[in-house]
Amino acid sequence: MRVVQVLTQSGGGPVDHAVEVAAGLAGWGIDSHVVAPPDVRRRVGGSAGLTWHDQEATSKRDLAGLAGLARLLRSLAPDVLHLQDRRAGWVGRGLARSLPRTAVVYTLHGVADGLSDHVAGNLLADRRRRRDRMYYLHGERWITRWGRARVVSPSRAVADFAVHHVGLDPSRVDVVPNGVDADRFRPGPSAPSPAGARPSLVWLGGLVPVKRADVLVDAVALMREDVEVLVAGDGELAPEVRALVAARLPESVREQRTVTLLGHVTDPAPLLQQADGFVLTSAAESCPMALLQAMATGLPAVATAVGGVPEVWGPVAPDLLCPPGDPRALAAALDTLVADPALRADLGAGARARVLSTYTTEHCLEGLLRTYATARAERTR
């Protein structure tokens, strides 16, 4: 069986997920291909057993790139075409009727920021635009039906959005949670903390509006406990976040509470292994890879109760789920976690066990293979 993963983005959680899925399928003996911008292969260094195809389609106005992508997908003649971002989803589903032997699967990783509050628990992450309903509700419904595609959602929350707001047939929407490599993301060697050392927490993500790093800074300024927070990530809001740190955490309090911006971190695993906990402050999420990576590493988390996050973290520590956009609630939860080393140890063990039971790469691959089998059977009818 030839399975082709298609990406038009160069970075972000969906890209990391798609490459990991493709590598996992190759490891299981499947003829696994990735079509993606060259930056993706350069960043991950390729992967054993995978066949890579460099192809850029930088925007919906990049007609030459989109036409090249369409030609490449036709030439590959896959048994399963798995579309891993919105632009790839439009191209692949649009081509579906010209690929009569190809089963088409599209992963809806999340919801456009202008519609994010249509998902349970999420806040509205950006202004509502008139075109949002046309593209992401009516357009998604039409192109999915046209392409006879199956839709995968990493969370029940976003699957419900696809059914109740987009209007997709629930029998064609599968929930397949993201998975994490539990060997790569595993607890580090335990060592006693130096006397007087502050607990260290990691925040991992893009410095973009939906991730709400501003809420993190405001919460740390309100905390009672001493803490060090390391922010791993970069993005358009980096200068604003840096200025907010300087304003909210002046020199006089930095011996007790600090927020340090590390910029982009290529491999977060060592950073997570050295930390005492994890923080997620997003206004909207589906099944965040950063949270799964932290949990696999054995870290307890304080997280906003958005989208699919309660599905992932709620069974471990419902009391450490906070309303989004509420720095006071976040500060209180962080104080609870930071003040209690025994609680951190118990929740860290529970986090690792939760990943091993439900959210490994192998769990994800098994779910996707079930979806692929169903999609191929439907294609032959």
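Quick rundown of the values:
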{"quantity": "Residue list for the stretch 115-136, filter: more than 18 Å from Glu285 (Cα to Cα) and aliphatic (A, V, I, L, M)", "calculated": "Met134"}
{"quantity": "Failed item, numbered, when Asp169 is tested on (1) more than 19 Å from the chain's Cα centre (by Cα); (2) touching a residue at least 24 places away in the same chain (Cβ under 8 Å); (3) closer than 26 Å to His363 by Cβ", "calculated": "(2)"}
{"quantity": "Residues that are of a type in the set (A, V, I, L, M, F, W, C) and open to solvent by less than 20 Å² (accessible area, probe 1.4 Å), drawn from the stretch 193-205", "calculated": "Leu201, Val202, Trp203"}
{"quantity": "Hits in the stretch 206-236 (condition: open to solvent by 20 Å² or more (accessible area, probe 1.4 Å) and either at positive phi or basic (Lys, Arg) (or both))", "calculated": "Lys211, Arg212, Arg224, Gly235"}
{"quantity": "Total residues in the stretch 25-39, condition open to solvent by less than 60 Å² (accessible area, probe 1.4 Å) and touching a Gly at 6+ places or on another chain (Cβ under 8 Å)", "calculated": "2"}
{"quantity": "Candidates Val21, Val35 - the one that is under 22 Å from the mean Cα position of the chain (by Cα), touching a residue at least 40 places away in the same chain (Cβ under 8 Å) and part of a strand (DSSP E or B)", "calculated": "Val35"}
{"quantity": "Number of positions in the stretch 58-88 that are small (Gly, Ala, Ser) and under 13 Å from Ala103 (Cα atoms)", "calculated": "1"}
{"quantity": "Among (1) within 29 Å of Arg127 (Cβ to Cβ); (2) surrounded by 17 or more Cβ atoms within 10 Å (Cβ to Cβ), the one test that Arg328 misses", "calculated": "(2)"}
{"quantity": "Answer from Asp126, Asp160, Asp174 - the residue that is within 25 Å of Ala213 (Cα to Cα) and acidic (Asp, Glu)", "calculated": "Asp126"}
{"quantity": "Candidate set from the stretch 110-123 (those that are open to solvent by 40 Å² or more (accessible area, probe 1.4 Å) and at pLDDT below 95); member that is farthest from the chain's Cα centre (by Cα)", "calculated": "Ala120"}
{"quantity": "Selected residue (criterion: farthest from the chain's Cα centre (by Cα)) from residues of the stretch 53-68 that are closer than 12 Å to Val91 by Cβ and open to solvent by 70 Å² or more (accessible area, probe 1.4 Å)", "calculated": "Leu63"}
{"quantity": "Counted residues, the stretch 78-109 - those being open to solvent by less than 10 Å² (accessible area, probe 1.4 Å), free of Cβ contacts under 8 Å to residues at least 60 places away in the same chain and of a type outside the set (Gly, Ala, Ser)", "calculated": "2"}
{"quantity": "Test for Pro268: is it touching a helix residue (DSSP H, G or I) at 6+ places or on another chain (Cβ under 7 Å) and within 30 Å of Leu25 (Cβ to Cβ)", "calculated": "yes"}
{"quantity": "One residue from Pro310, Pro315 being under 16 Å from the mean Cα position of the chain (by Cα), at pLDDT 95 or above and open to solvent by 10 Å² or more (accessible area, probe 1.4 Å)", "calculated": "Pro310"}
{"quantity": "Members of the stretch 297-309 found to be closer than 13 Å to Pro154 by Cα and outside any loop (DSSP other than H, G, I, E, B), listed by number", "calculated": "Val309"}
{"quantity": "Every residue from the stretch 1-14 that is farther than 23 Å from Gly205 by Cα and either surrounded by fewer than 22 Cβ atoms within 10 Å (Cβ to Cβ) or among the acidic types (Asp, Glu) (or both)", "calculated": "Met1, Arg2"}
{"quantity": "Verdict on Gly147 being within 30 Å of Leu25 (Cα to Cα) and either in contact with a strand residue (DSSP E or B) (Cβ under 6 Å, 6 or more places away or on another chain) or among the aromatic types (Phe, Trp, Tyr) (or both)", "calculated": "yes"}
{"quantity": "Subset of the stretch 50-82 [part of a loop (DSSP other than H, G, I, E, B), in contact with a Ser or Thr (Cβ under 8 Å, 6 or more places away or on another chain) and over 22 Å from Gly13 (Cα atoms)]", "calculated": "Ala77, Pro78, Asp79"}
{"quantity": "Condition broken by Asp132, with the remaining ones in (1) open to solvent by 60 Å² or more (accessible area, probe 1.4 Å); (2) without any contact (Cβ under 8 Å) to a residue 24 or more places away in the chain satisfied", "calculated": "(1)"}
{"quantity": "Scope the stretch 15-24; condition farther than 18 Å from Thr371 by Cα and open to solvent by 40 Å² or more (accessible area, probe 1.4 Å); matching residues", "calculated": "Asp16"}
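The values are calculated or read from the model by the stated rules, or taken from the named source; none is laboratory data. Here the structure is a predicted model, which means the values were calculated and not measured. As a convention, Cβ positions derive from the backbone with ideal geometry for all residues, glycine included, and neighbour counts pool all protein chains shown. These accessible areas exclude ligands, DNA and RNA; they are computed on the full protein's heavy atoms, side chains included. Shrake-Rupley method; radii C 1.70, N 1.55, O 1.52, S 1.80 Å.
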